[in-house]
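**Student:** Quick one: the structure is below, questions incoming.
Just so it is clear, none of the values below were taken in a lab; they were calculated from the coordinates. What you see is a predicted model; the values in this text were computed from it and never measured. Virtual Cβ from ideal backbone geometry, glycine too; neighbours counted across all protein chains shown.
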Amino acid sequence: YNSGESTRFIDWKLYGRTDKMFIKRFEEETNLRCQLVVDNSSSMHYPEPDKKKPEQLNKITFSAYCAASIAYLLKMQRDAVGLSIFSDKVEVSTPAKSTTVHHKLLYTYLERAIAENPQQRQTSAASALHQIAENIHKRSLVVIFSDMFEAGGNSAELFSALQHLKYAKHEVILFHVVDKSKELDFSFENRPYEFIDVETGEKVKVHSNQVRTAYLEAISTFEKELKLKCAQYRIDFVEADINKGYRQVLLPYLIKREKMM
């Protein structure tokens, strides 16, 4: 202790033993703060669980397992992790902590998301990401799991929300969670189908070949624009196909974490 310094952090117990004044210096317990962001809209519960194929995961289950795995890795490194779950609003928002009790709470929230079967719950990723960006007060790694199917198709607002996260100096990884064979490649047999929009309930009866070309053009345009904006904002974009396991998610996370340390 030097004369004139604040007495706020004087170690009085040590003073009682040694009759000398020392200042306590504090070191942060965490090296990294991470906010896990999981989309829990109705489209994330596609495809519907099949009891005959328990190994087939829907998008929300895949995302929750990935988020839980990353949370576990963070805990082993004594890093702080928070969780945000959103659909048409922010449903869960926790600060980043590293305690065991906090991690158990995060796993509980993720289990609840898996167990839900929301009907016609739309995605408002833009407004949710804006709110999440405002709630994260310290520079963090933000890991997003979403199919990015924004209600109303307002891509400009969605891209603005992603830019907001980068404006706040956060490092961002976007895992674009999809069932690639169906949602991107439109691998349906050449026969009539009834397609149902799970977020609005709208139904369309149509022959798959009649809409395949238009659908593929539209989804390809959206994905290219999303990748372009992520590159522009320096956001890591990772296509996460629910049929290809967890390596595609965990490896990019570990690489990003190593770069931040």
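**Student:** May I ask you to order 76-83, 248-255 by the average number of other C-beta atoms within 10 Å around their residues, highest value first? It would help to have the intermediate numbers written out before the result.
**Tutor:** On the way: 76-83: 19.4, 248-255: 15.6.
Order by mean packing, descending: 76-83, 248-255.
**Student:** If you don't mind, another one. Lysine pairs in segment 1-101 with alpha-carbon atoms under 25 Å apart, 8 or more places apart or on different chains: how many are there?
**Tutor:** Details: LYS13/LYS24; LYS24/LYS97; LYS51/LYS59; LYS59/LYS75; LYS59/LYS89; LYS75/LYS97; LYS89/LYS97.
Pairs that pass both the separation and distance tests number 7.
**Student:** What do the square roots of 5 times the Cα gyration tensor eigenvalues come to for segment 73-112, in whole Å, largest first, as semi-axes of the equivalent ellipsoid?
**Tutor:** Equivalent ellipsoid of segment 73-112: 20, 10, 8 Å, largest first.
**Student:** Here's something else I'd like to know. Modelled label-to-label distance, ASP185 and LEU254, 7 Å Cα→beta-carbon offset: nm?
**Tutor:** 2.7 nm
**Student:** Once both labels are modelled 7 Å past Cα along the beta-carbon direction, what's the TYR193-TYR1 spacing in nm?
**Tutor:** 7.4 nm
**Student:** Given only helices, namely DSSP H runs of n ≥ 4 each adding -39500 (n - 2.57), what is the per-residue ellipticity at 222 nm of the chain, to the nearest 500 deg cm²/dmol? Provide the component values of the computation, followed by the final result.
**Tutor:** On the way: 7 runs with 104 residues, N = 261.
Helix-only estimate at 222 nm: -13000 deg cm²/dmol.
**Student:** Next question. Counting only DSSP beta bridges with both residues in the chain, what percent are antiparallel, rounded to the nearest 5?
**Tutor:** 30 percent
**Student:** Under a crude label model (7 Å from the Cα following the beta-carbon direction), how far is GLN119 from GLN163 in nanometres?
**Tutor:** 4.0 nm
**Student:** Return the long-range amide H neighbours of GLY82 (sequence gap of 5 or more, or a different chain), with a cut-off of under 5 Å between placed amide H atoms.
**Tutor:** CYS34, GLN35, LEU36, LYS97
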